[in-house]
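S.K.: First the structure, then my questions, so here it is.
The values are calculated or read from the model by the stated rules, or taken from the named source; none is laboratory data. This structure is a prediction, so every number in the text was calculated from the model and none was measured. Glycine gets a Cβ as well: all are built from the backbone with ideal geometry, and neighbour counts include every protein chain shown.
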Amino acid sequence: MSKASTSGLAELWLSVEESLLRDALVIWRYRPALLFECLLEFRDPRAGLVHSEDRTYTTWLPRDEAAADWSVSVVDDFAPERVRTAPQPGVHPYEGVVALTEARLEEIENDLIAHLVRSERLMLYYNPNLRLHSRWNESREEFLERVLEEVRERLHPTLKELMREFQLQLEQLRQKPPPMDVPDELRVGLEILRRQMLSRVEAWLQRTVLDHPLGAALRSVEAEGELSEASTSVETPEELQPLAEELERLYEAAAARAQALLREALEHARECEPYAVTLHPNGIRIMRRALLWVPMPE
């Protein structure tokens with residue numbers, strides 16, 4: 001057995017597959033390393049984040065007074081089932097002497113904490129326009145969809161006010177009397193057609209301005225096509241031609257203003273920047289320290 005003076009530090013042994021041990025051409029020998037099990041707490045008030053993770057870090061035991069290199073992990077995939085509480089038969093013991101004082105362990109632990117503060121990051125996403133951060137483990141696509149919902153909510157009052165403005169203009173046209181020179185026998189039919197035209201444009205405005213607001217910006221060409229097609233598919237009497245032209249101007253003005261608002265909102269919603277949450281030394285708790293014997297082929 002190797003000689004180890006570790007100030008009460010627990011000792012653990014990693015196992016190696018028995019099939020590898022049976023190869024007589026390879027000699028396996030234990031080499032000393034250090035294992036630190038930590039609880040990391042990532043905290044960021046601006047992002048509204050408090051998240052804890054268990055992490056395991058390993059490094060080769062440094063020689064003499066050299067600093068531990070925590071940037072290189074001894075064991076990439078630390079599986080608990082590989083850990084033993086006694087040496088594995090067939091693996092040769094370490095031939096040197098391990099001497100660790102509490103002061104030396106504290107020094108190595110402080111090196112680990114400094115390394116974690118420098119290197120560990122929890123990456124989120126951030127929308128600077130709305131000052132929104134993603135949640136822990138939220139994908140970029142999920143975050144962008146949530147930002148889009150937030151944009152919808154914030155934009156809706158503005159779109160409602162825009163709709164109300166053009167509804168008032170429609171109401172003024174609705175209250176406007178028909179041309180005086182219309183014969184009595186045509187007056188009723190023209191009035192019905194006039195109200196149908198007003199209602200149709202109001203419905204188009206509802207779809208363009210309020211229904212699926214952020215999708216409307218992408219459907220603007222389609223909506224304009226619907227208006228043109230509807231205008232040509234229904235023959236407008238000469239007496240109502242001025243009204244038809246006024247309704248078309250009104251719709252185009254409303255659609256243009258709505259689309260400008262929607263495009264701006266879409267641009268704001270698409271902004272997505274990486275946001276790094278760093279560790280504070282107070283957010284690092286060392287849960288366990290152990291001398292880890294790692295089998296290595298000679």
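S.K.: From R104, R82, which residue is under 20 Å from M296 (Cα atoms) and either among the charged types (D, E, K, R) or in contact (Cβ under 8 Å) with a residue 60 or more places away in the chain (or both)?
M.R.: Going through R104, R82 in turn, just one is under 20 Å from M296 (Cα atoms) and either among the charged types (D, E, K, R) or in contact (Cβ under 8 Å) with a residue 60 or more places away in the chain (or both): R82.
S.K.: When you scan segment 230-280, how many residues do you find that are under 14 Å from V201 (Cα atoms), charged (D, E, K, R) and surrounded by 14 or more Cβ atoms within 10 Å (Cβ to Cβ)?
M.R.: Total meeting the criteria: 2.
S.K.: Among (1) within 30 Å of L100 (Cβ to Cβ); (2) part of a strand (DSSP E or B), there is one condition L20 misses while meeting the rest; what is its number?
M.R.: (2)
S.K.: OK, next. Go through segment 44-98 and give me each residue that's among the basic types (K, R) and assigned to a loop (DSSP other than H, G, I, E, B). Before the answer, list the steps.
M.R.: Keep residues of segment 44-98 that are among the basic types (K, R), which gives 46, 55, 63, 82, 84.
Scanning segment 44-98 gives R46, R63.
S.K.: Counting just the residues of segment 130-181 that are part of a loop (DSSP other than H, G, I, E, B) and at pLDDT below 90, which one comes out farthest from E41 (Cα to Cα)?
M.R.: The qualifying residue farthest from E41 (Cα to Cα) is D181.
S.K.: Anything in segment 258-291 that is over 19 Å from H115 (Cα atoms) and of a type in the set (G, A, S)? List them, or say none. Can you show your working first?
M.R.: Step one: filter segment 258-291 for residues over 19 Å from H115 (Cα atoms), giving 258-275, 291.
The answer is A258, A260, A265, A269.
S.K.: Run down L112, L124 and say which single residue is under 23 Å from the mean Cα position of the chain (by Cα) and aliphatic (A, V, I, L, M).
M.R.: Unique residue meeting the criteria: L124.
S.K.: May I ask you to verify whether L61 is under 35 Å from the mean Cα position of the chain (by Cα) and surrounded by 11 or more Cβ atoms within 10 Å (Cβ to Cβ)?
M.R.: no
S.K.: Among the candidates G48, G96, G8, which residue alone is in the same structural domain as G283 (by TED's automatic domain parsing), surrounded by fewer than 16 Cβ atoms within 10 Å (Cβ to Cβ) and closer than 24 Å to T278 by Cα?
M.R.: None of the others qualify; the one that does is G48.
S.K.: May I ask you to say which residue of E37, E65, E41 is modelled with pLDDT under 95 and not β-branched (V, I, T)?
M.R.: E65
S.K.: For segment 77-101, name all the residues that are over 17 Å from E18 (Cα atoms) and among the acidic types (D, E).
M.R.: Across segment 77-101, the qualifying residues are D77, E95.
S.K.: When you scan segment 50-71, how many residues do you find that are closer than 19 Å to L105 by Cα, in contact with a strand residue (DSSP E or B) (Cβ under 8 Å, 6 or more places away or on another chain) and not hydrophobic (A, V, I, L, M, F, W, C)? Lay out the reasoning, then the answer.
M.R.: Initially, segment 50-71 is screened for residues closer than 19 Å to L105 by Cα, giving 55-71.
Add one more test, that the residue is in contact with a strand residue (DSSP E or B) (Cβ under 8 Å, 6 or more places away or on another chain), and what stays is 55-61, 68-70.
Those still in the list that are not hydrophobic (A, V, I, L, M, F, W, C) too: 55-59, 69.
Going through segment 50-71 one residue at a time, the tally reaches 6.
S.K.: Name the residue that is modelled with the highest pLDDT, counting only residues in segment 183-211 that are farther than 18 Å from E245 by Cα and charged (D, E, K, R).
M.R.: Among those residues, the one meeting the criterion is R207.
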